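Right, one structure below, let's go through it.
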Amino acid sequence: EPKGAHPPKLMQLNDGAVVWAGRKQDDVDALSAARTRIERENTDEYRRLLYVAMTRAAERLIICGAQGKNKIPDGCWYELVRTALENECVSEE
């Protein structure tokens, strides 16, 4: 999933007000709802971009990943495609 080291601090509430968000544990209800909405919108956009890449590929689409000391991030494009298509994929692992 699209999670950066620093999530956005400037957020628009449902009523249109723009606020500077502090620590998540200090959120009031309106800010918590805005934070949840923004996270969902970011996830939707992240997955939409994968869909665009997959539907624009003319002949084949190669999605690969590398694994070092850290585990593969949950929800990354590689993991999303591998999970969805693992019964149809040719793997070079």
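Any residue in segment 50-61 that is assigned to a helix (DSSP H, G or I), of a type in the set (Ser, Thr, Tyr) and surrounded by 14 or more Cβ atoms within 10 Å (Cβ to Cβ)? Before the answer, list the steps.
Filtering segment 50-61 down to residues assigned to a helix (DSSP H, G or I) leaves 50-56.
Within this subset, residues satisfying the condition of being of a type in the set (Ser, Thr, Tyr) are 51, 55.
Next, from what is left, pick out any that are surrounded by 14 or more Cβ atoms within 10 Å (Cβ to Cβ): none.
No, the conditions are met nowhere in segment 50-61.
Could you tell me whether residue 17 is open to solvent by 80 Å² or more (accessible area, probe 1.4 Å), small (Gly, Ala, Ser) and without any contact (Cβ under 8 Å) to a residue 12 or more places away in the chain?
Values: open to solvent by 80 Å² or more (accessible area, probe 1.4 Å): no; small (Gly, Ala, Ser): yes; without any contact (Cβ under 8 Å) to a residue 12 or more places away in the chain: yes.
Spelling it out, it is not the case that residue 17 is open to solvent by 80 Å² or more (accessible area, probe 1.4 Å), small (Gly, Ala, Ser) and without any contact (Cβ under 8 Å) to a residue 12 or more places away in the chain.
Restricting to segment 76-89, give me the number of residues that are outside any helix (DSSP H, G or I) and touching a helix residue (DSSP H, G or I) at 6+ places or on another chain (Cβ under 8 Å). Step through it out loud before you land on a result.
Just the residues of segment 76-89 that are outside any helix (DSSP H, G or I), to begin with: 76, 86-89.
Among the residues that remain, those that are also touching a helix residue (DSSP H, G or I) at 6+ places or on another chain (Cβ under 8 Å) are: 89.
Here the count works out to 1.
Consider residue 44 carefully, then state whether it is under 14 Å from residue 75 (Cβ atoms), acidic (Asp, Glu) and without any contact (Cβ under 8 Å) to a residue 12 or more places away in the chain. Even if it seems obvious, please write down each step before you answer.
Details: under 14 Å from residue 75 (Cβ atoms): yes; acidic (Asp, Glu): yes; without any contact (Cβ under 8 Å) to a residue 12 or more places away in the chain: yes.
For residue 44, the condition - under 14 Å from residue 75 (Cβ atoms), acidic (Asp, Glu) and without any contact (Cβ under 8 Å) to a residue 12 or more places away in the chain - is met.
Residue check, residue 72 against (1) under 19 Å from the mean Cα position of the chain (by Cα); (2) surrounded by 15 or more Cβ atoms within 10 Å (Cβ to Cβ); (3) not charged (D, E, K, R), all met but one. Which one?
(2)
Examine segment 76-88 for a residue that is basic (Lys, Arg), over 30 Å from residue 11 (Cα atoms) and surrounded by fewer than 10 Cβ atoms within 10 Å (Cβ to Cβ), and state whether such a residue exists.
Of segment 76-88, the ones basic (Lys, Arg) are 82.
Checking the rest, the ones that are also over 30 Å from residue 11 (Cα atoms) come to 82.
Then drop every residue that is not surrounded by fewer than 10 Cβ atoms within 10 Å (Cβ to Cβ), which leaves none.
For segment 76-88, residues basic (Lys, Arg), over 30 Å from residue 11 (Cα atoms) and surrounded by fewer than 10 Cβ atoms within 10 Å (Cβ to Cβ): absent.
For residue 66, which of the numbered conditions (1) surrounded by fewer than 10 Cβ atoms within 10 Å (Cβ to Cβ); (2) of a type in the set (A, V, I, L, M); (3) assigned to a helix (DSSP H, G or I) fails to hold?
Result: residue 66 passes all but (3).
The values are calculated or read from the model by the stated rules, or taken from the named source; none is laboratory data. Bear in mind that the values here come from a model prediction, so they are computed numbers and not experimental data. Every residue, glycine as well, gets a Cβ built from its backbone with ideal geometry; the counts of neighbours run over all protein chains shown. Just the protein is used for accessible areas: all its heavy atoms, side chains included, with ligands, DNA and RNA removed. Shrake-Rupley method; radii C 1.70, N 1.55, O 1.52, S 1.80 Å.
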